[in-house]
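Following: one structure in structure tokens, then a few remarks.
The values are calculated or read from the model by the stated rules, or taken from the named source; none is laboratory data. As the structure is a computational prediction, the values presented were derived from the model and not from experiment. Quick reminder, even Gly has a Cβ in these numbers, built from the backbone with ideal geometry, and neighbours come from all protein chains shown.
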Amino acid sequence: MTASFNPPQRILMGPGPSDVSPRVLAAMARPTIGHLDPVFVSMMDELKGLLQYAFQTKNELTMPVSGPGSAGMETCFVNLVEPGDKVIVCQNGVFGGRMKENVERCGATPIMVMDDWGAAVDANKVEDALKANPGVKAVAFVHAETSTGAQSDAQAISALAHRYGALSLVDTVTSLGGSPLKVDEWGIDAIYSGSQKCLSCTPGLSPVSFSAQALEIIKNRKTKVQSWFMDLNLVMGYWGTGAKRAYHHTAPINALYGLHESLVILQEEGLENAWARHRQNHMALKAGIEAMGLSFVVKEQDRLPQLNSIYVPEGVDDAAVRRLLLEDYGLEIGAGLGAMAGKIWRIGLMGHASNMRNVLVCLGALEDVLSRLGASINKGVAVAAARKVYS
Ligand SMILES: *Cc1c(COP(=O)(O)O)cnc(C)c1O
């Protein structure tokens, strides 16, 4: 007989998922009710309001897609992009590459604006691309590149897109709830995020929001959206306003309870306070990491507080360090992706996991493991340096 599955308790300090609040897990264990039950429908309305707060938007079309961040990404592209369109895609890490794939699969042409991994998107290059390619439908970019820890100026790039008559399409999977993001003030037209990063909900839901202008474009498409499941014209029949809702697909009921709870927690803390907490814990981790003699990949002004990329010291086995952290401390940190595999670690300080205890435990554990593996680091100083930031 197969026994029940009982996962160990971990500390999740990688690129996501992050530690889920016990309140969120408890919410998800509440009774399943029908997806058209009036009580459920009023929870959906609350959820929409909570998401509008998190995104800082009044956009009517604001909802969670039933699927992970990648499903939110695809929802944005398949609804806005039609065959023959041109879309500028900024790539400075893994996720811009996925945007390119999406544009191509919509039968459109991606115009790539490339920046180095670890650098922010260069707005000057975006403007050059807009000048050279009149009639571009949208400018797509990643606000918080989780593969490198670099943050780009979403406000400046969105403003540029508008100046040239294009929409802005922004990946905020890692930024939502962790660092400043203001959809209406910054003029973002299409945005997607994820439940498992700075919102600290379980993986599998992707909040999205669309401006009135984006919505007009979706309503007036020449061709049908290639994906039946993601066609917002159909999904709106369920997530739209009013009491009249029609079955589209069965909503992931209990997962939505979890997202609702995670957003209630965010609202209780206050968005600005959550951003400040992420920044403070980043500053403490940074103080400890640098005191140890390790260095950051991204230059200071472009660093994300919730995703800290650090170079693996010379001669140290990346995988051995991560294995010992997991075995001895139950602590998960992230490895490098693509060209950065084996060269960097990605330490997440996301959502519920962004707290003083985790920063101090991580620094102490990292020092212990690196010392045991014979790395030449400064010993006995990291935790004290971090503590100073908190006092
Ligand atoms: C995690 C992540 C995604 C993908 O989200 P999934 O939930 O894994 O599908 C997309 N973009 C960025 C920037 C991410 O960090």
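Would you call G293 touching a residue at least 12 places away in the same chain (Cβ under 8 Å) and on the phi > 0 side of the Ramachandran plot? Yes, satisfied.
Any residue in segment 123-133 that is away from the ligand (no atom under 16 Å from the Cβ), within 22 Å of the chain's Cα centre (by Cα) and closer than 15 Å to V208 by Cβ? Looking for residues that are away from the ligand (no atom under 16 Å from the Cβ), within 22 Å of the chain's Cα centre (by Cα) and closer than 15 Å to V208 by Cβ, one finds none in segment 123-133, hence no. If you scan segment 374-391, which residues turn out to be assigned to a loop (DSSP other than H, G, I, E, B), closer than 22 Å to Q280 by Cα and touching a residue at least 40 places away in the same chain (Cβ under 8 Å)? V381 - this is the single residue of segment 374-391 that is assigned to a loop (DSSP other than H, G, I, E, B), closer than 22 Å to Q280 by Cα and touching a residue at least 40 places away in the same chain (Cβ under 8 Å). Here segment 1-34 is the region considered, the condition is being in contact with a helix residue (DSSP H, G or I) (Cβ under 6 Å, 6 or more places away or on another chain) and assigned to a loop (DSSP other than H, G, I, E, B), and the residue that is nearest to R346 (Cα to Cα) is S18. Taken residue by residue, segment 264-274 has at least one member that is modelled with pLDDT of 95 or more, closer than 18 Å to G351 by Cα and in a loop (DSSP other than H, G, I, E, B). Quick one: is N102 part of a helix (DSSP H, G or I) and closer than 19 Å to Q155 by Cα? No, not satisfied. Being hydrophobic (A, V, I, L, M, F, W, C) and without any contact (Cβ under 8 Å) to a residue 24 or more places away in the chain is the filter here, so list the residues in segment 115-145 that pass it. Scanning segment 115-145 gives a single hit, A132. Being within 16 Å of the ligand (Cβ to nearest atom) and among the hydrophobic types (A, V, I, L, M, F, W, C) is the filter here; which residues of segment 64-86 pass it? Once the filter is applied, which keeps residues that are within 16 Å of the ligand (Cβ to nearest atom) and among the hydrophobic types (A, V, I, L, M, F, W, C), segment 64-86 yields V65, A71, M73, C76, F77, V78. Being within 30 Å of H35 (Cα to Cα), in contact (Cβ under 8 Å) with a residue 60 or more places away in the chain and among the aliphatic types (A, V, I, L, M) is a property that L304 lacks. In segment 38-50, the condition of being more than 16 Å from the ligand (Cβ to nearest atom) and acidic (D, E) is met by at least one residue.
Table: residues versus (1) within 19 Å of H143 (Cβ to Cβ); (2) in contact with a strand residue (DSSP E or B) (Cβ under 7 Å, 6 or more places away or on another chain); (3) modelled with pLDDT under 95.
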position	(1), (2), (3)
T2	no, no, no
F5	no, no, no
M13	no, yes, no
A27	no, no, no
R30	no, no, no
L51	yes, yes, no
E82	no, no, no
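Quick check, is Q226 in contact with a Cys (Cβ under 9 Å, 6 or more places away or on another chain), more than 16 Å from the ligand (Cβ to nearest atom) and polar (S, T, N, Q)?
Criteria met by Q226.
Taking segment 70-92 as the range and being in a loop (DSSP other than H, G, I, E, B), surrounded by 19 or more Cβ atoms within 10 Å (Cβ to Cβ) and in contact (Cβ under 8 Å) with a residue 60 or more places away in the chain as the test, only N92 passes. Using the structure shown, decide if S200 is at pLDDT 95 or above, at positive phi and within 24 Å of the chain's Cα centre (by Cα). Here the answer is yes, as S200 does meet what is asked.
Restricting attention to segment 318-341, which residues are surrounded by 13 or more Cβ atoms within 10 Å (Cβ to Cβ) and outside any helix (DSSP H, G or I)? Answer for segment 318-341, where residues must be surrounded by 13 or more Cβ atoms within 10 Å (Cβ to Cβ) and outside any helix (DSSP H, G or I): G330, L331, E332, I333, G334, A335, G336, L337.
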